[in-house]
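Working notes, beginning with the structure itself.
The values are calculated or read from the model by the stated rules, or taken from the named source; none is laboratory data. Everything numeric in this text was worked out from a predicted model, so none of it was measured. Positions of Cβ are generated from backbone atoms using ideal geometry, with glycine treated the same way; all protein chains shown enter the neighbour counts. Just so you know, the surface numbers come from the protein's heavy atoms only, side chains and all, with ligands and any DNA or RNA stripped out. Shrake-Rupley method; radii C 1.70, N 1.55, O 1.52, S 1.80 Å.
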Amino acid sequence: MTGTRRAAMFAMVLCALALSIAVPLRTYLSQRDELRDVGAEQQKLREQVSALEQRKSQLNDPAYVEIEARKRLHWVRPGEVPYIVQLPGDESRNTESERPSGKPAAQRSWYEELWESVTHK
């Protein structure tokens, strides 16, 4: 019977050790995975910051800003004649809606515009 008691006591001690090691081990593994994920996210954020800093330096260049304004907003310098070239397949495109209007924007406050939109509809 003493051999059985020893085996039972050994099994209980072994189970207690396994349980006492399991929780910290699980915590360590989950924290290690979380640290890896945070490191990957931090690397992505560093890449985004560098891309935004590069974009900022581009936007500080007046020549680049002029190129963007001409390309995106179809702006021209005074005295230049703007041309819109239509390629095959562009017949269905409405170029009038893409062209900026020559009218200056109304200098009214937001609540005046809101009131006008409510009363005219």
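Could you tell me what % of all Cα pairs in segment 50-89 have separations over 12 Å?
Distances greater than 12 Å cover 68 percent of the Cα pairs.
Rounded to the nearest 0.05, what FRET efficiency is calculated for Ala63 and Asp90 with R0 set to 25 Å and r the Cβ-Cβ distance? Here the calculated transfer efficiency is 0.30.
What the Cβ-Cβ distance of Arg77 and Gln107 gives, at R0 = 30 Å and to the nearest 0.05, is a FRET efficiency of 0.75. Dipole check for segment 19-59: with +1 at the C-beta of Lys and Arg, -1 at the C-beta of Asp and Glu, and the Cα centre as origin, the magnitude is about 80 Debye.
Estimated purely from DSSP H runs of n ≥ 4, each contributing -39500 (n - 2.57), the mean residue ellipticity at 222 nm for the chain is -24000 deg cm²/dmol once divided by its residues.
Could you point to the label whose value was computed as log10 I(q)/I(0) by the Debye sum over Cα atoms at q = 0.11, 0.15, 0.22, 0.23 Å⁻¹ for the structure here, given (i) -0.32, -0.62, -1.45, -1.59; (ii) -0.91, -0.91, -1.24, -1.30; (iii) -0.83, -1.02, -1.20, -1.23? Given (i) -0.32, -0.62, -1.45, -1.59; (ii) -0.91, -0.91, -1.24, -1.30; (iii) -0.83, -1.02, -1.20, -1.23, the structure-derived one carries the label (iii).
Have a look at Leu17, Thr2, Leu87 and report the one farthest towards the positive end of the charge dipole of the chain, computed about the Cα centre with Cβ charges (Lys/Arg +1, Asp/Glu -1). Value computed over the given set: Thr2.
Placing +1 on each Lys and Arg Cβ and -1 on each Asp and Glu Cβ, with no other charges, gives the chain a dipole about its Cα centre of roughly 840 debye.
Ignoring ligands, DNA and RNA, what accessible area per residue does the chain give at 1.4 Å, in Å²?
97 Å²
Here the accessible area of the chain is 61 percent carbon and sulfur, with a 1.4 angstrom probe and all protein chains present. Ranked by the mean number of other Cβ atoms within 10 Å of their residues, highest first, the peptides 110-119, 79-88 come out as 110-119, 79-88.
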